[in-house]
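Input: a single structure, listed below in structure tokens.
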Amino acid sequence: MVRDNPLGESECTVSEALSFAEVELAGAGIAKPRREAASLLTYALGRDRAFLVAHPEFLIPAASIEWFEDAVARRAEREPFHYVVGWKEFYGLRIEVSRAVLIPRPETELLAEHAISLIEHQQQPVFCEVGIGSGCISAAILSNVPLAFGIGLEISTEAIAVARRNFERLGIASRIEVRQSDVFASVGSGERFDLIVSNPPYVPALELLQLQREVRQYEPHIALTDGGDGYSVIRRLIAGSPSLLSPGGYLSLEVGFGQSETVVQMFDPAAWDDVSLNTDLQGIDRVITARSRAK
Ligand code: GLN
């Protein structure tokens with residue numbers, strides 16, 4: 001049987017679907033079209049790659065073809081893979097994502113890991129995350145520090161909805177209070193935290209144009225850039241944290257490539273000690289942590 005477009009039919013095989021998608025994705029300039037086609041098909045079928053390799057003649061059910069065709073079209077428009085499939089793994093957790101939130105980056109696992117190490121041996125630690133987005137960092141902390149409690153601050157109501165769904169699904173919603181807030185605006189002056197953690201928008205406005213199209217065109221700009229030099233939210237975090245930290249409490253931040261020296265200088269030695277850096281797998285200073293001086 002000759003079919004012009006196998007996906008126009010109610011049935012098509014794994015090998016036909018892969019060839020169709022590979023051509024579409026290659027035409028859109030996607031770097032590894034066969035690989036991405038296969039990845040999308042594993043999501044469409046709920047099967048792994050080994051199944052695709054072993055069963056090229058398998059007839060794909062109509063509903064899966066429909067999902068796959070739509071997914072390939074979205075990816076061909078350079079929508080990021082993880083928005084198309086709707087979730088991303090972070091720190092071993094399944095995190096729902098949508099265009100309201102940044103897709104969790106592997107390097108941010110370093111921030112989560114470090115945050116966990118700072119409070120895991122404390123008695124009932126209370127932390128505050130500024131700019132929770134999908135909630136991935138708080139979710140990693142709460143899942144790994146069973147006695148921790150969090151306050152999650154986020155300015156975007158759309159992002160808050162995504163984060164709440166993640167906390168509910170992961171069974172940690174009762175251990176975090178989410179507040180709509182521009183940085184610390186909704187934190188009371190009497191509140192104290194053992195840790196403040198944030199992956200702030202640190203990309204300078206002018207560098208936004210140089211990011212790859214997937215990021216620039218689809219990810220929320222409010223989560224990427226401060227609209228200025230990249231340091232304005234970081235400055236607010238460093239200025240606002242000392243009065244909200246318990247004596248000896250920590251502020252731990254993710255920063256961008258080349259920003260660590262400037263950020264280290266922002267910590268006033270009168271308020272902070274033990275400023276330290278953690279390097280990501282590419283050798284970039286990625287996490288800056290400082291300890292509040294006992295007052
Ligand atoms: N690491 C992200 C990127 O380069 C930026 C995340 C952020 O600004 N916090 O796309």
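The values are calculated or read from the model by the stated rules, or taken from the named source; none is laboratory data. Since we're looking at a predicted model, the values are computed, not measured. We place every Cβ from the backbone using ideal geometry, glycine too, and count neighbours over all the protein chains shown. All accessible areas refer to the heavy atoms of the entire protein, side chains included, with ligands and DNA or RNA removed. Shrake-Rupley method; radii C 1.70, N 1.55, O 1.52, S 1.80 Å.
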Inset, instruction - Project the alpha carbons of the chain onto their principal axes and report the range along each, largest first, in whole Å. - result: 80, 40, 32
Inset, instruction - Report the antiparallel proportion of the DSSP beta bridges in the chain as a percent, rounded to a multiple of 5. - result: 45
Legend entry - Accessible area of the stretch 154-295 belonging to carbon and sulfur atoms, whole % at 1.4 Å probe: 52
Legend entry - Residues of the chain: accessible area per residue with a 1.4 Å probe, Å²: 47
Inset, instruction - Sum -39500 (n - 2.57) across every DSSP H segment of at least 4 residues in the chain, then divide by the residue count to get the 222 nm mean residue ellipticity, nearest 500. - result: -11000 deg cm²/dmol
Legend entry - Efficiency of FRET between His82 and Ala239 - r from beta-carbon atoms, R0 45 angstrom, step 0.05: 0.85
Inset, instruction - Determine the relative contact order of the chain: mean sequence separation of Cα pairs under 8 Å and six or more apart, normalised by residue count, in whole percent. - result: 13
Legend entry - Probe 1.4 Å, all protein chains present, accessible-area order of Tyr43, Tyr250, largest first: Tyr43, Tyr250
Inset, instruction - Mind telling me which of Gly248, Gly240, Gly258 comes out most flexible in a GNM of the chain, alpha-carbon contacts under 10 Å? - result: Gly258
